[in-house]
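Before any comments, here is the structure.
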Amino acid sequence: MVDILSWDKSIDEDVKTSDDKKVGKVRAVTTDFIQIQKGTLDKKYYFVPKHYIQGYDGDDIWLALTEDEVKQFESEKEMSLSSFDNAQYRERKSVVEKQYPQFSSAIPTYSSKGQAQNKVGMSWDKVIGEEVKSADDQDLGKVESIAADYVEVKEGTINKKHFYIPKSFVEEFDGKKLHVSLTKDEVKERYERDNPPLPAEFESNEYKDISRQREAKYPQYRELIPLMAKEPGLEMKGQESGEILKIPWEEVIHKHVRTSDNVDIGDVDKVGNEFIVVREGVVSIHLYYIPKSYINHYDGSSLWVNVPSGLVGAKFERKNEPTKEEMDMILKEAENKKVNEVK
């Protein structure tokens, strides 16, 4: 477990960016900045606002900025507050302090394992040319370009259509396709146009609220696209054979899911760190976020979950991914269920 690092103990610690680049060492800490020194002969100094720090993993301090973005803070002396204290930074500051109440006295602990292995996210420019899928599993086209606030998606080659989708509606990248949280009809109605949106369009209260929610859930979304969580396998005892089964998560996408009373409740749509997302229906779609701990059998064509069909909707149906609090509650309930079964 990584010890909490107080700000004064951060001097001489290495600093890495969100795209896994070393930018130097911490040389000083002020009320609003950390001073980073890069190089020993041809020295460069960066005064990075504290709230752009992601955390400390025991070896390095990680920033929520790419190497190129850090360059805007290159300076020989401490910068003035007005040089960076804009609406976007104030929003980030609010989110960080809410998420980490001790931020003023200590740097949050941070798990960089996934970051170093490129499992947490990837830079936006890497998805140019990749296919895009809507929330209702419809093809939207391919990523044409990336801007500060939106992704341009082009559909078709002859009768071209352009969708300028705000980044806050991009959910994740599964290694092949970019997924957005809007249906195709919503994308066409709201974001199909011939010319890029004006910056003023991203100043609306609605967009700011959506961005704030997205940043609270995934603070790095402006710099990195969340990657769909995948695991190499999960060992569990087979319900009938008693043998240890290993579930290859990448292979269960689109497999049927059946309940304890042998009812097909849909197909696996996504696999997360702690749950699977099951999609039921075509016109009227239902999404079930089911913790992996409820899975008790896999026969190669179907996953079986230890819950009756009559309770699936009430327990697991959500329009959006559960919050951490909701997921903790569901996981705790699942653990209590196992304990009671053992008794």
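Numbers at a glance
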item	result
Residue count, region 237-260 (criterion: surrounded by 14 or more Cβ atoms within 10 Å (Cβ to Cβ) and either of a type in the set (Val, Ile, Thr) or at pLDDT below 55 (or both))	7
Boolean, residue 292 is under 18 Å from residue 133 (Cα atoms) and either in contact with a strand residue (DSSP E or B) (Cβ under 9 Å, 6 or more places away or on another chain) or free of Cβ contacts under 8 Å to residues at least 40 places away in the same chain (or both)	no
From the options 215, 144, 231, residue that is among the charged types (D, E, K, R), modelled with pLDDT of 85 or more and either open to solvent by 40 Å² or more (accessible area, probe 1.4 Å) or in a helix (DSSP H, G or I) (or both)	144
Residue satisfying all of: in region 105-117; under 25 Å from the mean Cα position of the chain (by Cα) and modelled with pLDDT of 75 or more; nearest to residue 49 (Cα to Cα) among these	107
Candidates 293, 284 - the one that is farther than 22 Å from residue 168 by Cα, in a loop (DSSP other than H, G, I, E, B) and either polar (S, T, N, Q) or at pLDDT below 85 (or both)	284
Residue satisfying all of: in region 174-193; within 21 Å of residue 320 (Cβ to Cβ) and among the acidic types (Asp, Glu); least open to solvent (accessible area, probe 1.4 Å) among these	174
Residue in region 158-173 that is modelled with the highest pLDDT, counting only those that are open to solvent by 40 Å² or more (accessible area, probe 1.4 Å) and among the charged types (D, E, K, R)	161
Candidate set from region 179-210 (those that are among the acidic types (Asp, Glu) and assigned to a helix (DSSP H, G or I)); member that is farthest from residue 155 (Cα to Cα)	209
Filter result for residue 84 (at pLDDT 85 or above, aromatic (Phe, Trp, Tyr) and either surrounded by fewer than 20 Cβ atoms within 10 Å (Cβ to Cβ) or closer than 29 Å to residue 149 by Cβ (or both))	no
Region 194-212, subset open to solvent by 40 Å² or more (accessible area, probe 1.4 Å) and polar (S, T, N, Q), residue modelled with the highest pLDDT	195
Residue tally, condition touching a residue at least 60 places away in the same chain (Cβ under 8 Å), open to solvent by 30 Å² or more (accessible area, probe 1.4 Å) and closer than 23 Å to residue 93 by Cβ, over region 3-51	4
Close pairs (6 angstrom Cβ cut-off, 6 or more residues apart or separate chains): hydroxyl-bearing (Ser, Thr, Tyr) in region 149-173, assigned to a loop (DSSP other than H, G, I, E, B) anywhere	164/196; 164/197
Failed item, numbered, when residue 62 is tested on (1) under 23 Å from residue 108 (Cβ atoms); (2) out of contact with any Gly (no Cβ under 7 Å at 6 or more places or on another chain)	(2)
Selection count where residues are in contact with a helix residue (DSSP H, G or I) (Cβ under 8 Å, 6 or more places away or on another chain) and surrounded by fewer than 19 Cβ atoms within 10 Å (Cβ to Cβ), scope region 261-289	4
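The values are calculated or read from the model by the stated rules, or taken from the named source; none is laboratory data. Note that this is a predicted model, so its numbers are computed, not measured. Methodologically, a virtual Cβ is constructed for each residue, glycine included, from the backbone with ideal geometry; neighbour enumeration extends over all protein chains shown. Quick note on the areas: whole protein, heavy atoms, side chains included, nothing else; ligands and nucleic acids left out. Shrake-Rupley method; radii C 1.70, N 1.55, O 1.52, S 1.80 Å.
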